[in-house]
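Heads up, the thing below is written out as structure tokens.
The values are calculated or read from the model by the stated rules, or taken from the named source; none is laboratory data. Source: prediction; values computed, not measured. Methodologically, a virtual Cβ is constructed for each residue, glycine included, from the backbone with ideal geometry; neighbour enumeration extends over all protein chains shown. Only protein heavy atoms, including side chains, enter the accessible area calculation; ligands, DNA and RNA are left aside. Shrake-Rupley method; radii C 1.70, N 1.55, O 1.52, S 1.80 Å.
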Amino acid sequence: MRDPEAGPSARPRKSRLTRPASAPARRLGGSAMSGQTFWRLATGAAMFLLAVLLVALVARRSVAIVVEPAAGATAAGVAAVCGGLGGWRCRGDERRWRWLTGSAATVTMVGVAAAAWSTAVSGTNVPRLHLSDLGYLVCYALALAGLLTMPTDPLDHGPDGLAGREGRDRHRSVSSRRWLVVTVLDSLLLVGSLALLGWDLVVEDVVVGRGHGLVALLMAWVLALAALVLIVAVFLVGTFRRPRSWLAFSLLAAGLVLLAVVATTYAAAAVRRWVVVPPPISAGFVAALLLVGLATVVPARPTSLLAVDAGDVDVRDADVSEVDVSDREGGRRPGRLQVLHLMLPYLPLGAVGLLAVVRLVESAQIQRDEMLVLFFLLALALVRQVCTLLENANLLARYRASQRQLRYQAFHDPLTGLANRALFGQRLRAALERRARDGDPRSLAVLFCDLDDFKIVNDALGHGAGDELLRVTAARLAAAVRSVDTVARLGGDEFAILAEGGGDDPRQLGRRVADAVAAPCVLAGAPYTVRGSVGLAIVEPGGAADPETVIHQADLAMYEAKRAGGAVTVYQPGLSGPDSGRRRAPRAPGRYP
């Protein structure tokens, strides 16, 4: 009995993007802390910051400059504990960025505790820059790593939805690594170019005129550049990525930017030989660390629709209206953010190049150190271009693979892997046109095979057994013909074979196909046999026919074979179409002992 072309076996499909109403909402990567506990902690942090600021403004300077670093060390310790506990309660990327941020807070706590002792001895909170201050670069590196490993998604989804889960996961991993590399390169290009511009136009005359030592100048410059790299990285992530938790990212970004600004202010105070850093600025250091700590314990938002951490979403099973898809124009041209992302690192570098050209035109001397920095920036730009070329090559490869996959899906049956009705019709039309053009003396046969009582198998054993029967039948039909012949599933339980001349006699092929289909197979753990009705339409040499006529003839022959009880029938003029009144009663599939 023929089934409608509604799929492998007519059963409703359940979208993987929905969940039962009784199912609990799943949280991304685990939950660091409940919402109530988080807001209590945030309130306590605000009260602690207010107390520190009050002491800094009201107490005597000798007391304030001791309280401030002690409060900073305490805030760093709190941030370290929050990062450790928050990471322990999460998993995957959510755990990684929290532990990296907590490690940065731990390093900061050690450095600030040492600074508190130095402040108590010297009587001023202005640091004295030494080579040991390079240890703060470890803090910057860990904070940058935590920022870049925070789970984010690209602003454009791309064609990932067409790939399998393994392909999506592999691309997501490669894309994440490429994003990290590109972000670091862009940050270095921006910071290096801006630093060189600032040195040439403003800083050189001021610093050189004050007669600072080389070590102090180097430390101040390195720490300021590291802070600027962190700020640029925060800007790049916030602009060109979509954080999965905007609250956590906002707190972390605010904390890191404030931390970088305060640290740069302390370095500038050392270079400019301030007497003391004003209290509001020093209190900003405490606020920055508290913000970083709060970011690591932000409660994860529940997700009832999208499951982005485990690759559970399969857009092929979902309704398009349920998925948040941006850039619906199909990416015909790059968006403004994409253009900005491409041009942003090169704008300050172009300004540096323009400044160098102006100096050469004016016959001004370019310092050797400046020339080395310029060459370093050009090398970074070259590496950045190589990354862009690799990314473009990867996008092109993914596009071609997607096109091949789309073409395969358009012309093949998803259940059996055989050709579908569209591909079968194309090949039949091409074969008939080739015969008419070249005068091929060999015959051409189209064979239709319909499984008898397929609906009974579906109803008695379930749709899983019906799908398995279709796959087994497809494999048997492909094994019964030559590799040059076309085997197709036209829909439901109906198959077709296109056999061009040069092989066996079409009638012998029909009998071989019928015997292959009738062989026992295991369904639902027991052997069953399901026979098929086979109809043949033969196009003799010199005969003219169009594809629709040949298909219709094979269809009529198949129905005649079904009325005859499953025999192989060759089309003859006068055969009638399906007539329910003349059909035999369906029989139950036979079971072998």
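Between the residues 103, 115, 51, the greatest Cα displacement towards the positive end of the dipole of segment 38-117, with unit charges on the Cβ of Lys, Arg, Asp and Glu, is found for 103.
With only Cα atoms counted, segment 437-511 has Rg and Dmax values of 14.8, 51 Å. Between residue 463 and residue 250, the C-beta separation translates, for a Förster distance of 45 Å, into a calculated FRET efficiency of about 0.40. The residues of segment 465-537 present an accessible area of 34 Å² per residue when probed at 1.4 Å with all protein chains retained. When you filter the trypsin sites (Lys or Arg not before Pro) in segment 83-115 for DSSP loop state and at most 15 other Cβ atoms inside 10 Å of their Cβ, you are left with 91.
Each peptide in 283-291, 462-470 receives the mean, over its residues, of other Cβ atoms within 10 Å, and ordering these scores from highest gives 283-291, 462-470. For residue 65, the accessible area of its heavy atoms, probed at 1.4 Å with every protein chain present, is near 10 square angstrom.
Annotation for segment 516-577 versus segment 231-281: alpha-carbon center distance of 76 Å.
Inter-label distance, residue 388 to residue 268: 3.2 nm, where each label sits 7 Å from its Cα along the C-beta direction.
Rolling a 1.4 Å probe across all protein chains gives residue 78 an accessible area of roughly 60 Å².
Between amide H atoms placed 1.01 Å from N, distances below 5 Å from residue 570 occur with 536, all of them 5 or more places distant or on a separate chain. Charge tally for residue 433 (other residues, Cβ to Cβ under 12 Å; Lys, Arg +1; Asp, Glu -1): +2.
Pair-distance distribution of segment 338-475: all C-alpha pairs, bin width 5 Å, starting at 0; shares per bin in whole percent are 2, 7, 9, 9, 8, 8, 7, 6, 5, 5, 5, 6, 5, 5, 5, 4, 3, 1, 0.
With a 1.4 Å probe and all protein chains kept in place, how do 97, 117, 179 rank by accessible area, largest first?
Working: 97 0, 117 185, 179 25 Å².
Output order, biggest surface exposure first: 117, 179, 97.
Each Lys or Arg adds one and each Asp or Glu takes one away; over the other residues whose Cβ falls under 9 Å from the Cβ of residue 444, this sums to -1. A Cα-only calculation for segment 420-550 places Rg and Dmax at 15.8, 52 Å.
Expressed as a whole percent, the accessible area of segment 478-530 that falls on carbon and sulfur atoms is 51 (1.4 Å probe).
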